[in-house]
Amino acid sequence: METLYTILAFLAILGAWMGFNYWRLRRAATILDNHEFAEKIHTGQLIDLREPNEYRRKHIMGARNIPYQQLKQSLGALRKDKPVLLYENDRGQLVTPAALHLKKQGYQEIYILSYGINGWDGKVKTN
């Protein structure tokens, strides 16, 4: 019985943590579907957060590759007066900390592509 309570407590804490992170992300950025994201590309700064080898294989047309690990050093390349559009693969592990960091640095319009490039149905460049 003790094991059951331990498991239930762990699941409750895990669920609360996931909910808190989701709430933080929703305050920092807006998650868009393909159509809405495509409309914003023309007025925004499209950033691919994946590693350069993944970017070279396939990326959304017009995207700049700023790997997540280099984002903090590359903030000078981004304008705060234009929307920032972020994407990666469908895992979504990089967009959350990237969006939170950009929000903390004063960027106001941050958008994330729902399901990443793996769910993208627009134009891509492949090698």
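Just so you know, all these numbers are worked out from the coordinates, no wet-lab data involved. Predicted model only: the values in this text are computed from it and were never measured. Every residue, glycine among them, receives a Cβ derived from its backbone with ideal geometry; neighbour counts consider all protein chains shown.
Helical content of the chain, expressed as a calculated mean residue ellipticity at 222 nm, amounts to -12500 deg cm²/dmol (DSSP H runs of 4 or more residues, -39,500 (n - 2.57) each, divided by residue number, nearest 500). Legend: helices of the chain (whole DSSP H runs) are marked when their alpha-carbon atoms reach 30 angstrom or more along the helix axis and their mean Kyte-Doolittle hydropathy is at least 0.5; marked are 2-28. Overall, the chain carries a charge dipole of about 500 debye about its Cα centre when +1 sits on the Cβ of Lys and Arg and -1 on the Cβ of Asp and Glu, all other atoms neutral.
Applying 0.36 nm per residue to the separation of D81 and A16 and subtracting their alpha-carbon distance, the gain on full extension is 20.0 nm.
The modelled label-to-label distance for the pair K123/R26, using points 7 Å beyond Cα in the direction of Cβ, is 3.5 nm.
With both residues required to sit in the chain, DSSP beta bridges show an antiparallel share near 20%. Distance between the pseudo-spin-label points of Q93 and E36 (7 Å out from Cα toward the beta carbon): 2.6 nm.
Take the cross-link list K80/K125; K82/K103; K40/K72; K82/K123; K103/K125 and give me the ones stretching past 25 Å between alpha-carbons.
Details: K80/K125 27 Å; K82/K103 13 Å; K40/K72 23 Å; K82/K123 22 Å; K103/K125 29 Å.
Exceeds cut-off: K80/K125; K103/K125.
Counting other Cβ atoms within 10 Å, keep those with at most 16, restrict to DSSP loop, and tell me which trypsin sites (Lys or Arg not before Pro) in region 30-127 are left.
On the way: sites: K40, R50, R56, R57, K58, R64, K72, R79, K80, R91, K103, K104, K123, K125; in loops: R50, R79, K80, R91, K123.
When the trypsin sites (Lys or Arg not before Pro) of region 30-127 are filtered for loop state and at most 16 Cβ neighbours within 10 Å, R79, K80, R91, K123 remain.
Labels on offer are (i) 13, 42, 27, 11, 6, 1; (ii) 12, 41, 33, 13, 2, 0; (iii) 13, 47, 35, 5, and the one holding P(r) over Cα pairs in 10 Å bins from 0, in percent computed from this structure is (i). Applying 1/(1 + (r/R0)^6) with R0 = 35 Å to the Cβ-Cβ distance of E54 and A9 gives a FRET efficiency near 0.35. The order of Y115, Y5, Y55, going from fewest to most other C-beta atoms within 10 Å of their C-beta, is Y5, Y115, Y55.
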